[in-house]
1. Condition first: at pLDDT 80 or above and in contact with a Lys or Arg (Cβ under 7 Å, 6 or more places away or on another chain). Can you find one or more residues in segment 32-48 that meet it?
2. Name the residues in segment 88-129 that are over 15 Å from Tyr72 (Cβ atoms), surrounded by fewer than 12 Cβ atoms within 10 Å (Cβ to Cβ) and modelled with pLDDT of 75 or more, would you?
Amino acid sequence: MKPRLVIFSISLFFVLATKAQETHSTSSRTNLYEQEAAKDESKTFTAKVRIVRDISDDLEVFFEGEVAKGAYTLPRQTKGYAAILKTLEASKKAEGQSVTVTADKEKNIISVEASKSKPGFVPPSDPNKKWDFGKMPD
């Protein structure tokens with residue numbers, strides 16, 4: 001009778017140990033693949049472009065105003081690189097509109113959109129023409 005009890009106890013121990021191991025490995029696997037999403041540290045601001053310059057593999061972009069201080073980087077591997085560059089260059093012109101920029105915490109530009117707001121007063125193309133400050137462009 002005793003050997004049966006010992007064998008039963010040992011087999012019960014292995015069954016419970018195996019169940020505990022399965023539970024532990026499953027939970028650790030789930031934690032590995034289902035971790036919390038990293039907090040979105042991106043920053044969105046609206047500004048006018050001052051300088052766009054080429055630096056080795058990236059572009060360096062500086063903006064006017066106090067909102068976006070320092071150099072922002074546009075990596076060439078960014079999705080929609082050509083369209084973003086075109087929008088930045090258009091904003092750099094004197095009559096260009098501001099752009100809405102989304103950048104990560106390392107100041108890498110993620111996306112750029114032209115602002116939908118109308119520009120302020122646009123001076124007449126003829127320098128001899130009177131400026132009408134009351135009339136805003138359509």
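1. Among the residues of segment 32-48, not one is at pLDDT 80 or above and in contact with a Lys or Arg (Cβ under 7 Å, 6 or more places away or on another chain), which makes the answer no.
2. Answer for segment 88-129, where residues must be over 15 Å from Tyr72 (Cβ atoms), surrounded by fewer than 12 Cβ atoms within 10 Å (Cβ to Cβ) and modelled with pLDDT of 75 or more: Lys93, Ala94, Glu95, Asn128.
The values are calculated or read from the model by the stated rules, or taken from the named source; none is laboratory data. Since the model is a prediction, treat every value here as computed from it, not as a measurement. A quick note on method: Cβ atoms are made from the backbone with ideal geometry, for glycine too, and the neighbour counts reach across all protein chains shown.
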